[in-house]
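Asker: Structure incoming, see below.
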Amino acid sequence: MTESIYGTTEIYGLIGDPVEHSFSPPMINAAFSSEKLDARYLGFRVKVGDVSEAIAGIRALNFAGVNVTVPHKSTVIPYLDEVTPLAKKIGAVNTISNVRGHLKGTNTDFSGFIRSLKTLNFSPKNKVIAVLGAGGSARALLVGLADAGAFRVIVYNRTSERSKKLVAEFSQYFPQTKLESVSLQTIHDTPLDLLVNTTTVGMFSSEVPVDLKQCKKISLLADIIYNPIQTTLLKQAEEMGIAAVNGIGMLLYQGCEAFTFWTGKQAPEEVMRNRLLTLIE
Ligand code: ATR
């Protein structure tokens, strides 16, 4: 980010509702600033029902790119010129680039998550993994884990109809991964290379989505919640000596991957991480 705004300054942004509390504007602007790019990133609150006008606005005003957040990650898709194959399977786009009027959507949530595991030297390939939850985040992560070659992914959700539907949908795309919707008892009884919490349990309360003490061996625990920085589940893992990560890595790397998707440059990871931490701690 250069100090001044010029006629040439490229505009990026976040579309969603709400956007006021998003960490993306400070994180991405810190990246622009450190790379001395003539670009700015702003939040744009777009109401449900205004998505097609918002996308038309991106084209008309020649914005360079946007992130997309709740509740528009799926509804933007029909208005784009191109969507990457995995984002199409997930059914959600969180990053759009605008190259001379050609709008291309991708999903960096799942790739950001996989990259955050990589920093711990964990690869999903040939692993047995449990996913808690069957919402939008679970969809993205399931595609990421199966695409990365997981051997078996078991999904537990409070509402089992949702996890059954999810597994049935994705099994056709990833025949090499055993995807199953399971009971909580099966989560307890299965030795796991990785357990991932994608539910919102622990975000607003000190509840846990599963009692780790009732589980067989867990090698790694990932909770995609980043605020609070340490959920009760993560605390329990720490007390039991289980390696664990919170959602900051996923948040950071989805931003890094979006930065690269837009600019073709490697993202200044440490700058972005430090900016994020000043917002969360
Ligand atoms: P996101 O897009 O972030 O994944 P979501 O689609 O609203 O959010 O999904 C939230 C997930 O958290 C769901 O799996 C939800 O379970 P249900 O499908 O049964 O609603 C799960 N969840 C939320 N509150 C929960 C609770 N108190 N106990 C168990 N699961 C809960």
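Asker: Need the failing condition index for T199 against (1) near the ligand (Cβ under 10 Å from one of its atoms); (2) in contact (Cβ under 8 Å) with a residue 60 or more places away in the chain; (3) under 15 Å from D109 (Cβ atoms), just the number.
Answerer: T199 satisfies every listed condition except (3).
Asker: Considering the range 102-138 alone, what residues qualify as being on the phi < 0 side of the Ramachandran plot, in a loop (DSSP other than H, G, I, E, B) and within 13 Å of the ligand (Cβ to nearest atom)?
Answerer: Within the range 102-138, N107, A134, G135 qualify.
Asker: Can you confirm whether E270 is without any contact (Cβ under 8 Å) to a residue 12 or more places away in the chain and over 19 Å from N107 (Cα atoms)?
Answerer: So E270 passes the test.
Asker: Next question. Among the residues of the range 150-158, are any more than 10 Å from the ligand (Cβ to nearest atom) and either in contact with a Cys (Cβ under 7 Å, 6 or more places away or on another chain) or on the phi > 0 side of the Ramachandran plot (or both)? Talk me through it step by step, then tell me what you get.
Answerer: Of the residues in the range 150-158, the ones more than 10 Å from the ligand (Cβ to nearest atom) are 150-154.
If we keep only those that are either in contact with a Cys (Cβ under 7 Å, 6 or more places away or on another chain) or on the phi > 0 side of the Ramachandran plot (or both) as well, we get none.
No - not one qualifying residue is present in the range 150-158.
Asker: If you take the residues of the range 159-174 that are over 12 Å from V131 (Cβ atoms) and more than 10 Å from the ligand (Cβ to nearest atom), which of them is surrounded by the fewest Cβ atoms within 10 Å (Cβ to Cβ)?
Answerer: Result: Q172.
Asker: If you don't mind, another one. May I ask you to verify whether L234 is out of contact with any strand residue (DSSP E or B) (no Cβ under 6 Å at 6 or more places or on another chain), among the hydrophobic types (A, V, I, L, M, F, W, C) and more than 16 Å from the ligand (Cβ to nearest atom)?
Answerer: Judged against the criteria, L234 is not a match.
Asker: Still on this structure, I have one more. Here's a check for you: in the range 217-226, which residue that is within 16 Å of the ligand (Cβ to nearest atom) and not in a loop (DSSP other than H, G, I, E, B) is farthest from L145 (Cα to Cα)?
Answerer: D223
Asker: Which members of the range 139-150 meet the condition of being farther than 15 Å from K88 by Cα and part of a helix (DSSP H, G or I)?
Answerer: Quick first cut of the range 139-150, residues farther than 15 Å from K88 by Cα only: 145, 148-150.
The answer is L145, and nothing else.
Asker: Regarding the range 91-110, can at least one residue be identified that is of a type in the set (S, T, Y), in contact (Cβ under 8 Å) with a residue 12 or more places away in the chain, under 19 Å from D17 (Cβ atoms) and in contact with a Ser or Thr (Cβ under 6 Å, 6 or more places away or on another chain)? Step through it out loud before you land on a result.
Answerer: In the first step, residues of the range 91-110 are kept if they are of a type in the set (S, T, Y); the result is 95, 97, 106, 108.
Subsequent filtering for residues that are in contact (Cβ under 8 Å) with a residue 12 or more places away in the chain retains 95, 97, 106, 108.
Those still in the list that are under 19 Å from D17 (Cβ atoms) too: 95.
Pick out the ones that are also in contact with a Ser or Thr (Cβ under 6 Å, 6 or more places away or on another chain) and you get 95.
Looking for residues that are of a type in the set (S, T, Y), in contact (Cβ under 8 Å) with a residue 12 or more places away in the chain, under 19 Å from D17 (Cβ atoms) and in contact with a Ser or Thr (Cβ under 6 Å, 6 or more places away or on another chain), one finds at least one in the range 91-110, hence yes.
Asker: Okay, next question. Could you list all residues from the range 231-260 that are surrounded by fewer than 19 Cβ atoms within 10 Å (Cβ to Cβ) and either aromatic (F, W, Y) or under 18 Å from the mean Cα position of the chain (by Cα) (or both)?
Answerer: T260
Asker: Return yes when L141 is within 21 Å of L221 (Cβ to Cβ), among the aliphatic types (A, V, I, L, M), surrounded by 18 or more Cβ atoms within 10 Å (Cβ to Cβ) and more than 16 Å from the ligand (Cβ to nearest atom) and no when it is not.
Answerer: Values: within 21 Å of L221 (Cβ to Cβ): yes; among the aliphatic types (A, V, I, L, M): yes; surrounded by 18 or more Cβ atoms within 10 Å (Cβ to Cβ): yes; more than 16 Å from the ligand (Cβ to nearest atom): no.
Answer is no for this residue.
Asker: Quick check on my filter: what residues within the range 146-196 are without any contact (Cβ under 8 Å) to a residue 60 or more places away in the chain and charged (D, E, K, R)?
Answerer: Correct list: R152, R158, E161, R162, K164, K165, E169, K178, E180, D189.
Asker: Among the numbered conditions (1) within 16 Å of the ligand (Cβ to nearest atom); (2) surrounded by 20 or more Cβ atoms within 10 Å (Cβ to Cβ), tell me where T177 comes up short.
Answerer: (1)
FYI, it's all coordinate maths here, none of it is from the lab. Bear in mind that the values here come from a model prediction, so they are computed numbers and not experimental data. Counting neighbours? That spans all protein chains shown, and the Cβs are built from the backbone with ideal geometry, glycine included.
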